[in-house]
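Before any comments, here is the structure.
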Amino acid sequence: MKMSSSVPAAAVAVMVLLSAVSTTTVTGQALVPGVMIFGDSVVDAGNNNRLATLVRADFPPYGRDFPATHAPTGRFCNGKLATDYTVESLGLSSYPPAYLSEEAQSNKSLLHGANFASGAAGYLDATAALYGAISLSRQAEYFREYQSRVAASAGERRARKLTSGSIYVVSAGTSDYVQNYYVNPMLSAAYTPDQFADALMPPFTSFVECVADHRTIVSLPIKMNAQGLYSLGARRIGVMSLPPMGCLPASVALFGGGNAGCVERLNNDSLTFNRKLGAAADAVKRRHSDLKLVVFDVYQPLLDLGAPGTCTNATGYVFWDGFHPTDAANKVLADAQLLQGLQLIA
């Protein structure tokens, strides 16, 4: 399905905002010292290229519209990710490199952030394990290693400034459902969607804060992170909500029963998770007055664009493949997230 014609009208306010942001970066001064990216395939910039996993995007036609190279980068998209557009809007001159890439072997390349995301990762470490992906726990370990490398290269003072001043983006949860819960009969029989959403809140809280909420009503085995982003020094965190999972082309094909429209029960699961995510984020913020934590609404902007639908003419369509937005849709998402996350750069 093509993007809704209502998008340009909604984009007017965003264009005004972007113009204001641009005036602050015209001198080349970025709004933040760096961007740190964690999560799944929606934000993976090539880490899975280095893994023995089938969840990869290092082959054509991925990357065909990526600037300059028009070649696969490991991004699950025809071009840029939403986080790429965000980095540009913040005035940074280069994208945070995938931490496992050759580029990231140079400490100098890490002085404005890094990308630790891995396709098929979820809030549950077990989800990543199913596909040979880098779990969030492991991503946190890589971040601690990253901090040590920056400190050794640029000094402790700059490392602390980079850690505290950077924006942290987290995208996870979709793989926990679509690539685990929905296709795992034992898991889906043991937990209702509402209970499964509850089970994902402790690992979410652990990852951003490192304080587990044990009030969950289920007892799903969960490996908690030894340290969360806040305890590692992060103070500006943006977390993406779930998209309308029932509108993903893969979901429509697998669970739509032959109908072309979005699968309502899966969209309801997204809404349930997103409500709980918002409440968990609010609880974290109440415990830390110095933490700026924003939940980015991905659900409504994607739904407003019109979904599902994939097409070779990616510039006018929402989805590039069965799970991932096109470059054009990512630009719309990035603009929406910039508007929602103004407090992170204030």
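The values are calculated or read from the model by the stated rules, or taken from the named source; none is laboratory data. Fair warning: this is a prediction, and the values are worked out from it, not measured in the lab. Because the Cβ atoms are built from the backbone with ideal geometry, glycine has one as well, and the counts that use them run over all protein chains shown.
Annotations for the structure displayed:
Residues checked against (1) at pLDDT 95 or above; (2) assigned to a helix (DSSP H, G or I); (3) of a type in the set (S, T, N, Q):
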position: Pro33; (1), (2), (3): yes, no, no
position: Ser41; (1), (2), (3): yes, no, yes
position: Leu54; (1), (2), (3): yes, no, no
position: Arg64; (1), (2), (3): yes, no, no
position: Thr69; (1), (2), (3): no, no, yes
position: Phe76; (1), (2), (3): yes, no, no
position: Asp84; (1), (2), (3): yes, yes, no
position: Glu88; (1), (2), (3): yes, yes, no
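- With respect to being at pLDDT 95 or above and either outside any helix (DSSP H, G or I) or out of contact with any Ser or Thr (no Cβ under 8 Å at 6 or more places or on another chain) (or both), Ala121 fits the description.
- When the stretch 319-330 is filtered for residues that are farther than 14 Å from Pro244 by Cα and within 14 Å of the chain's Cα centre (by Cα), only Asn330 remains.
- Filter result (in contact (Cβ under 8 Å) with a residue 60 or more places away in the chain, within 18 Å of the chain's Cα centre (by Cα) and under 22 Å from Leu111 (Cβ atoms)) within the stretch 65-94: Lys80, Leu81, Thr83, Asp84, Tyr85, Thr86, Ser89, Leu90
- Residues in the stretch 283-302 that are assigned to a helix (DSSP H, G or I), farther than 20 Å from Ala172 by Cβ and without any contact (Cβ under 8 Å) to a residue 60 or more places away in the chain: Arg286 only.
- Tally, over the stretch 30-53, of residues that are in contact with a helix residue (DSSP H, G or I) (Cβ under 7 Å, 6 or more places away or on another chain) and over 12 Å from Val169 (Cβ atoms): 3
- Selection within the stretch 159-186 - without any contact (Cβ under 8 Å) to a residue 12 or more places away in the chain and surrounded by 14 or more Cβ atoms within 10 Å (Cβ to Cβ): Asn184
- Helices (runs of 4 or more DSSP H) lying entirely in the stretch 144-208 (those with 2 or more residues that are over 24 Å from Val87 (Cβ atoms)): 174-178, 185-190, 193-208
- Of all the residues in the stretch 89-127, those that are surrounded by 21 or more Cβ atoms within 10 Å (Cβ to Cβ), touching a strand residue (DSSP E or B) at 6+ places or on another chain (Cβ under 9 Å) and hydroxyl-bearing (Ser, Thr, Tyr) number 3.
- Test for Ala45: is it modelled with pLDDT under 95, touching a Leu at 6+ places or on another chain (Cβ under 9 Å) and within 23 Å of Val150 (Cα to Cα): no
- Restricting attention to the stretch 249-266, the residues that are modelled with pLDDT under 95 and assigned to a loop (DSSP other than H, G, I, E, B) add up to 7.
- Conditions (1) modelled with pLDDT under 95; (2) farther than 17 Å from Ala82 by Cβ; (3) among the hydrophobic types (A, V, I, L, M, F, W, C); (4) within 15 Å of the chain's Cα centre (by Cα): number failed by Ala336: (2)
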